[in-house]
Amino acid sequence: MRTAWRLLPILLVMGLAPKAVASSKTTSEAPQLNACGCYRNSVGTCLCGKKGKCECPGECEPKGCSEKRQKDLDKEIQAETKRVQEAEKKRLDEAAEKKRQEEAKVEEATTGEDFAEGLTAADEPAAGDQDQAKDKKGKDGKKGKKAEKAEKAEKAEKADKTDQADKTAKSGETAKVEKTDKADKTTKAEKTDKVEGADKSKKTAKAEKTDKSDTP
């Protein structure tokens, strides 16, 4: 300190004293900037330069860094949620398709087995089925003979009834013809009687006129 005071007159002479004092003050009062290019003053206010960065969460940062960081976080959450949903949907679709293919294979195999069993049963009937078929044929044959006899008897009966009906119809027609002839004859006789009566009346009238003319 004594040395500085001793050198002060010389510095004043040289005109360097004000510059030295100012530089010492500036060096002692320069603030310390963090990684974001910001610092807090003596009051606690956060001050940042024009090139401040948003890389100091929880510390002094430029304005709007918290909002920007929250927006970026929301975007990341939405993207991750969408990715998980798409992956789950794809997994469910693949599981459903696999299940459908398995069911189709099972159904195809079952259909093939049923078809083969049907062909085997149709080509190789059991002995019991053959016996039943024979018994059925025998019974059907007996029933067929009885049915033929019954049918013949029924036809004969119908034929008799038809003949009787024809005879009855013919006799009825004959009776109608006879009645018609009688009616015609009666009508003709009545007409003849009427004509004869009219002739007689005319003759009687003429005779009366003649008698009247002959009387003086």
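The values are calculated or read from the model by the stated rules, or taken from the named source; none is laboratory data. All of these numbers come straight from a predicted model, not from anything done at the bench. Here the Cβ is made from the backbone with ideal geometry for all residues, glycine too, and neighbour counts use every protein chain on show.
Observations on the structure shown:
- Which listed residue is in a helix (DSSP H, G or I), under 52 Å from the mean Cα position of the chain (by Cα) and at pLDDT below 75, from Asp131, Asp114: Asp131
- Filter pass, Ala175 being part of a helix (DSSP H, G or I), surrounded by 10 or more Cβ atoms within 10 Å (Cβ to Cβ) and modelled with pLDDT of 90 or more: no
- Some residue of region 82-91 being surrounded by 10 or more Cβ atoms within 10 Å (Cβ to Cβ), of a type in the set (Asp, Glu) and either modelled with pLDDT of 95 or more or over 30 Å from Leu33 (Cα atoms) (or both): yes
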